Amino acid sequence: MNTRIRGENAADGQLLAAACSLAAKTFRQADIPAIRRFASLFGARAGMGAARLADFMLAVSEAAACATSHGPCTARLRLWTTESRAMCEIRGNGALFSHGPDPARRGDVEALRRWLLHQLCDHVSVDDGPQGVTVRFSMTVARPAPRSGQATVT
């Protein structure tokens, strides 16, 4: 796995222009446990509380699994923060469930991964094309405090 911090393809997207911190890592499917640890350290440095950090780590793990789900491939993780958001982009040169053996079974797994990402994250996009899979999501670093008189659900 390769790791590069700050300045990685800075012209590669408008959101990166406003980044407060940036971390990047190249990985394969077998490296997903290390990617979870990497995301956990990044989220902790970004100021995420324990519950939000667990959600972030799970979302990164599921996005990494989406990007590397079919065949041996290499993927690239980029994490960055803006003022109050943590952003993630994972690009893999593999394919999603629409390709390969037993697409119906893969479809169920991928549908569950996407559903979970939508439950955990504020914004999610998953693109599958000839260049591979790109998964992007964002999360607030901290959940906003409830307003006076609002009940909280735990």
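Mind listing whichever residues of the range 53-73 are in contact with a strand residue (DSSP E or B) (Cβ under 6 Å, 6 or more places away or on another chain) and outside any helix (DSSP H, G or I)?
Residues satisfying the conditions are THR68, CYS73.
Can you tell me which of (1) touching a Gly at 6+ places or on another chain (Cβ under 7 Å); (2) over 21 Å from ARG37 (Cβ atoms); (3) modelled with pLDDT of 90 or more is the one GLY71 doesn't meet?
(3)
Hey, could you check the range 6-30 for residues that are out of contact with any Phe, Trp or Tyr (no Cβ under 9 Å at 6 or more places or on another chain), within 23 Å of ASN93 (Cβ to Cβ) and part of a helix (DSSP H, G or I) and say which is modelled with the highest pLDDT?
Among residues in the range 6-30 that are out of contact with any Phe, Trp or Tyr (no Cβ under 9 Å at 6 or more places or on another chain), within 23 Å of ASN93 (Cβ to Cβ) and part of a helix (DSSP H, G or I), the one modelled with the highest pLDDT is ALA30.
Go through the range 74-94 and give me each residue that's of a type in the set (Asp, Glu) and either modelled with pLDDT under 85 or touching a Leu at 6+ places or on another chain (Cβ under 6 Å) (or both).
GLU83
Just checking, how many residues over the range 106-142 are free of Cβ contacts under 8 Å to residues at least 24 places away in the same chain and part of a loop (DSSP other than H, G, I, E, B)?
1
The values are calculated or read from the model by the stated rules, or taken from the named source; none is laboratory data. Since this is a predicted model, take the numbers as computed values, not measurements. Ideal geometry is used to build each Cβ from the backbone, glycine not excepted, and the neighbour counts take in all protein chains shown.
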